[in-house]
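Some notes on the structure that comes next.
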Amino acid sequence: MAELQSESDRRSTDGPTPASERVDRLVEYLRRFINCVHYKEYRKKEWPIGSGEAEAAHRYIPQERLKISGACWREETLNPMLALRVARANG
């Protein structure tokens with residue numbers, strides 16, 4: 001974090017550039033979520049790191065069931081169906 005902040009500070013003296021703005025956004029993101037990024041601990045627990053699995057999951061958890069031809073969903077029936085699909089996918 002300190003290295004990123006130093007890089008952000010160094011780049012800001014050169015004036016704003018697309019690269020410095022990206023570094024600034026990254027530093028701000030990490031500040032907000034610093035308590036959520038314990039990657040070393042997560043790896044020890046063999047938890048997946050990154051959003052790839054979650055991003056892919058939306059293709060088969062809700063869509064497979066909800067995109068049935070002729071299906072019509074209302075909010076009061078959609079959310080319970082999604083909850084059941086997620087519970088089933090999580091074992």
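Listed values for the range 15-21 are Karplus-derived 3J(HN,Hα) couplings in whole Hz (6.51 cos²θ - 1.76 cosθ + 1.60, θ = phi - 60°), namely x, x, 9, x, 5, 5, 5, and x replaces Gly and Pro.
The relative contact order of the chain, computed from alpha carbon pairs under 8 Å that lie at least 6 residues apart in sequence, is 19 percent. The calculated P(r) of the chain, using every Cα pair and 10 Å bins from 0, goes 13, 26, 22, 20, 15, 3 in percent. Between the helical axis of 75-89 and the longest alpha-carbon principal axis of the chain there is an angle of about 80 degrees.
For the range 40-89, the pair-distance distribution built from all alpha carbon pairs, in bins 10 Å wide starting at 0, is 22, 41, 23, 12, 3 percent.
The stretch between residue 83 and residue 58, if pulled fully straight at 0.36 nm per residue, gains 7.7 nm over its current Cα-Cα span.
Read-outs throughout are calculated quantities, based only on the coordinates presented, and are distinct from any laboratory measurement. Computed from a prediction, not measured in an experiment: that's the story for all the values here.
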